[in-house]
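Only the coordinates and a few stated rules stand behind these numbers; no lab work does. Computed from a predicted structure; not experimentally measured. Here the Cβ positions follow ideal geometry from the backbone for every residue, glycine too, while neighbour counts run over all protein chains shown.
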Amino acid sequence: MHTLPIQQRIEWLFDLAYRHADEFVMPEAFLARKRYLAEHPTAILVLKCMDGRINIPIATNTPAGIIQPFRNLGGMFNLGWPHLGETLADAVNKSVNRGRRSLIMITYHYSKGSERRGCAGFNYCTDAARAHL
Ligand SMILES: [Zn+2]
């Protein structure tokens, strides 16, 4: 995929988004989400890089739409940022009001095979990402 011309990559990406949207609105997917939430009461929030290369539902084997993502460049977050703190507190409060606990995951992506396929947000430097964390 990464060797195709940019226009073909963009078309592939749009096609993937349309396929995901079609699957998401199917009645079976709706029911799968409802069953999952009935069996797993803990709300899961994930802080992740905005480039979208970590597909959390696939990595965690959860139906799409269960885990609430929060995205930023390089997955860089500072809990002292007023809007982020307010948004996270709001998400956690909604869970508490429903009698649910919350789990917040902090993620980072890198490539074992090539540093250049890692996260540009930290200039491809995993050590810098870990230091930031
Ligand atoms: Zn990234």
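At full extension, Asn123 and Asn97 could sit 5.4 nm farther apart than now, given 0.36 nm per residue minus the alpha carbon distance.
For the options Tyr110, Tyr36, Tyr18, a Gaussian network treatment of the chain with springs between C-alpha atoms closer than 10 Å singles out Tyr18 as fluctuating the most. Averaging the sequence gap over all C-alpha pairs within less than 8 Å and six or more residues apart, then dividing by the number of residues, gives the range 1-110 a relative contact order of 31 percent. Look at the Cα gyration tensor of the range 1-47: its axes a ≥ b ≥ c give a/c of at least 1.5 with a/b at or below b/c, and that counts as oblate.
With each label modelled as a point 7 angstrom along the Cα→C-beta vector, the Leu133-Glu115 pair spans 1.9 nm.
Please give the FRET efficiency for Leu31 paired with Glu86, using the beta carbon to beta carbon distance and R0 = 35 Å, rounded to the nearest 0.05. Once rounded, the FRET efficiency stands at 0.60.
Averaging over all projection directions, the Cα-based convex hull of the chain occupies 9.8 nm² in the image plane.
Helix-derived [θ] at 222 nm for the chain: sum -39500 (n - 2.57) over DSSP H runs of at least 4, divide by residue count, nearest 500? It lands at -14000 deg cm²/dmol. With 5 Å bins beginning at zero, the pair-distance distribution over Cα atoms of the range 72-133 amounts to 4, 16, 21, 17, 14, 12, 9, 5, 2 %. Ordering Ile67, Leu84, His40 by Cα displacement along the dipole of the chain toward the positive end leaves His40 in first place; charges were set at the Cβ atoms of Lys, Arg (+1) and Asp, Glu (-1).
Only aspartates and glutamates eight or more places from Lys94 in sequence, or on another chain, were considered; those with a Cα closer than 14 Å are Glu86.
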